[in-house]
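Inspection log for the structure reproduced underneath, given as structure tokens.
The values are calculated or read from the model by the stated rules, or taken from the named source; none is laboratory data. Computed from a predicted model, the values in this text were never measured in an experiment. Don't worry about glycine lacking a Cβ; one is built from the backbone with ideal geometry, like all the others, and counts go over all protein chains shown.
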Amino acid sequence: MDYVKPNELVTAMIDAGESKVHLSTRDTLIRAFMGAALLTMAAAFAVTVSTQTGDPLLGAVLFPVGFILLYLLGYDLLTGVFTLAPLALLDKRPGVTVKAVLRNWGLVFVGNFAGAFMVAVLMVIYFTYAWSVEPGEVGQAIGHIGEGRTLGYAEHGAAGMLTLFVRGVLCNWMVSTGVVAAMVSRSVIGKVVGMWMPIMLFFYMGFEHSIVNMFLFPAGLLLGAEFTIMDYLVWNEIPTVVGNLVGGLTFVGLMLYTTHYRTKPRRDAGVTAPVPAAASETDGDALVPAGR
């Protein structure tokens, strides 16, 4: 059967989290590097489509191709391990400790940043003929994204910081939903459909994804955008990472784990159904549990 039921789904999520925590340093870094590289290549593609066509929805519709490819190839994103690894810790899987989970998150962050930064450098070379000409329309658009999503938040002070954090929360609520939705199906087409919808939603809504931003903001700086590395870290990357952690773990991982894995007893547990009036004396000796 193609459909994976929720209780089986959560078990698969815990198994995946345990597997990622125990993965070797080399393999964790490689998978994180390639995961970010594929995702950010798709981000560059989506920005190009949106800019050249003037239709942001079209860019959002096409962006999930990067997420789908990295998932099908078994690569990793920080947003995904934020959701899956803690479940293995909660389930007390052997060898899964707080230290091991933090180690996994740190390695994935480093690998993701390296992959995203590589794509940023390659795309800037592509946009500028290796810095020999001024960036064109798409390059300028990437620079403006970086300015708007750092200095734009800073202009609003605490309200801007709260908005940035909330957009990070909403982002990984959707991205982690995409990760989990892929596990609901055993077929490739089922996985693709499950991933496509929430990833398209997050990109079109302009939510803040820490890995996509590892490409957009360094690329913007390399293209001469008017914000600083400190602007990027304080007014985007750090609050976005925290928001992504809260969104994915709270609204996806813990919710599914609580209601489908650590399920509370049913309200009718232990209640027996009354014997029908027309039942024979023999039938009346065996009471049938309600809800069966």
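Numerical summary
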| read-out | value |
| --- | --- |
| Failed item, numbered, when Val47 is tested on (1) more than 22 Å from Ala120 (Cα to Cα); (2) at pLDDT 95 or above | (1) |
| From Val124, Val133, residue being within 26 Å of the chain's Cα centre (by Cα) and either surrounded by fewer than 23 Cβ atoms within 10 Å (Cβ to Cβ) or of a type in the set (A, V, I, L, M) (or both) | Val124 |
| Criterion violated by Val193 - all others in (1) surrounded by fewer than 19 Cβ atoms within 10 Å (Cβ to Cβ); (2) within 10 Å of the chain's Cα centre (by Cα) satisfied | (2) |
| Criterion: surrounded by 21 or more Cβ atoms within 10 Å (Cβ to Cβ) and not acidic (Asp, Glu) - qualifying residue of Leu69, Leu90, Leu77 | Leu77 |
| Hits in the range 153-169 - residues which are surrounded by fewer than 17 Cβ atoms within 10 Å (Cβ to Cβ) and not hydrophobic (A, V, I, L, M, F, W, C) | Glu155, His156, Gly157, Thr163 |
| Selection status of Ile142, at pLDDT 95 or above, over 29 Å from Leu249 (Cβ atoms) and buried (at least 24 other Cβ atoms within 10 Å of the Cβ) | yes |
| Listing of helices (runs of 4 or more DSSP H) fully contained in the range 1-106 that carry 1 or more residues being of a type in the set (Asp, Glu) and under 23 Å from Met197 (Cα atoms) | 6-22 |
| Residue within the range 232-245 that is surrounded by fewer than 18 Cβ atoms within 10 Å (Cβ to Cβ), of a type in the set (Val, Ile, Thr), free of Cβ contacts under 8 Å to residues at least 60 places away in the same chain and under 17 Å from Leu78 (Cα atoms) present | yes |
| Where a residue in the range 25-39 is β-branched (Val, Ile, Thr) and its partner, wherever it lies, is not in a helix (DSSP H, G or I), with Cβ under 9 Å and at least six apart | Thr28/Asp76; Ile30/Tyr75 |
| Val188 vs. criteria at pLDDT 95 or above, within 26 Å of Glu8 (Cβ to Cβ) and β-branched (Val, Ile, Thr) | yes |
| Subset of the range 107-132 [without any contact (Cβ under 8 Å) to a residue 12 or more places away in the chain and in a helix (DSSP H, G or I)] | Leu122, Ile125, Tyr126 |
| Long-range neighbours under 8 Å by Cβ, at least six apart or interchain, first residue without any contact (Cβ under 8 Å) to a residue 12 or more places away in the chain within the range 133-146, second of a type in the set (A, V, I, L, M, F, W, C) | Gly136/Phe127 |
| Enumerated helices (runs of 4 or more DSSP H) restricted to the range 151-230, each holding at least 2 residues that are within 30 Å of Leu72 (Cα to Cα) | 157-183, 188-205, 210-222 |
| Some residue of the range 229-243 being aliphatic (A, V, I, L, M) and touching a Phe, Trp or Tyr at 6+ places or on another chain (Cβ under 7 Å) | yes |
| Near pairs, Cβ below 7 angstrom, 6+ apart or cross-chain, from the range 72-93 (at positive phi) to any residue that is part of a helix (DSSP H, G or I) and of a type outside the set (A, V, I, L, M) | Gly74/Arg31 |
| Hits in the range 18-43 (condition: farther than 30 Å from Ala100 by Cβ and either crowded, with 22+ Cβ neighbours inside 10 Å or of a type in the set (Phe, Trp, Tyr) (or both)) | Ala42, Ala43 |
| Test: residue in the range 3-10 that is of a type in the set (S, T, N, Q), in contact with a helix residue (DSSP H, G or I) (Cβ under 8 Å, 6 or more places away or on another chain), surrounded by fewer than 21 Cβ atoms within 10 Å (Cβ to Cβ) and within 22 Å of Met183 (Cα to Cα) | yes |
